[in-house]
Amino acid sequence: MRTIIIAVLLVSSLQGCVVTSTSALVDAASLVGYAASGVKSIAPNAPVNPIVYSKEAIREVCIEWNGAVALSDFVPGLQGELQKHGVQSRVYDAGTQAVACPVTLTYTGYVKWDTKAFADAYTPYLTFASLTLRRDGRVLGSAQYRIGAFGQDKWASVGEKLGPLVDALLPGNPAIIADNGPGGGMGGY
């Protein structure tokens, strides 16, 4: 039943027209292609009840390593999202002291495994994440991500899933827009 509901939702979100052929196999492959492109356009869910106590700009964060989060791209994805807000970051081992770093970020994440369409290998994907930002031990903010009810954002990258959380936690740090035009460099805030 869930598969039928997902198929109906995907087909209803398709734009344009669908040309049918005499081959059911070709029609099925086309439908899957259209559905896959429609699913990719669905953004990850917004943060769940973000709480932010401070709106001041932050320039540097130390991230406490959490070895229980079994995604190799979690921390690099998080660091990439922080960089988009002009925040430099470094990682320190859990249980140690973040030296000369008053602002720290802790995280948790839950991972599930499944196969992507037309693939045989199992791939991990993020189903839940929680970020907590602290200054000198006091909580500055907290935000959570949960996978969508229909799993529409299941295969979105870690960065795409964590981006809205970082946006919510850093209201004093507007996103930096890259200027890829002649002369390069970074655009304004």
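Things worth noting here:
- The single condition among (1) touching a residue at least 60 places away in the same chain (Cβ under 8 Å); (2) in a loop (DSSP other than H, G, I, E, B); (3) surrounded by 13 or more Cβ atoms within 10 Å (Cβ to Cβ); (4) not polar (S, T, N, Q) that residue 140 does not satisfy is (2).
- Scanning the stretch 140-164 for residues that are within 16 Å of residue 103 (Cβ to Cβ) and of a type outside the set (S, T, N, Q) gives 140, 141, 143.
Condition check ((1) surrounded by fewer than 12 Cβ atoms within 10 Å (Cβ to Cβ); (2) out of contact with any Cys (no Cβ under 8 Å at 6 or more places or on another chain)) across all residues:
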site	(1), (2)
84	no, yes
92	no, no
100	yes, yes
134	no, yes
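- Residue match in the stretch 149-160 (condition: assigned to a strand (DSSP E or B), among the hydrophobic types (A, V, I, L, M, F, W, C), out of contact with any helix residue (DSSP H, G or I) (no Cβ under 7 Å at 6 or more places or on another chain) and in contact (Cβ under 8 Å) with a residue 12 or more places away in the chain): no
Okay, residues lined up against (1) open to solvent by 40 Å² or more (accessible area, probe 1.4 Å); (2) modelled with pLDDT of 85 or more:
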{"position": "35", "(1), (2)": "no, no"}
{"position": "39", "(1), (2)": "yes, no"}
{"position": "65", "(1), (2)": "yes, yes"}
{"position": "69", "(1), (2)": "no, yes"}
{"position": "73", "(1), (2)": "yes, yes"}
{"position": "76", "(1), (2)": "yes, yes"}
{"position": "79", "(1), (2)": "yes, yes"}
{"position": "88", "(1), (2)": "yes, yes"}
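- Only one of the numbered conditions (1) within 18 Å of residue 157 (Cβ to Cβ); (2) among the hydroxyl-bearing types (Ser, Thr, Tyr); (3) open to solvent by 70 Å² or more (accessible area, probe 1.4 Å) is not met by residue 96, and that is (1).
The values are calculated or read from the model by the stated rules, or taken from the named source; none is laboratory data. Here the structure is a predicted model, which means the values were calculated and not measured. Every residue, glycine among them, receives a Cβ derived from its backbone with ideal geometry; neighbour counts consider all protein chains shown. Keep in mind that these areas ignore ligands, DNA and RNA; they rest on the heavy atoms of the full protein, side chains included. Shrake-Rupley method; radii C 1.70, N 1.55, O 1.52, S 1.80 Å.
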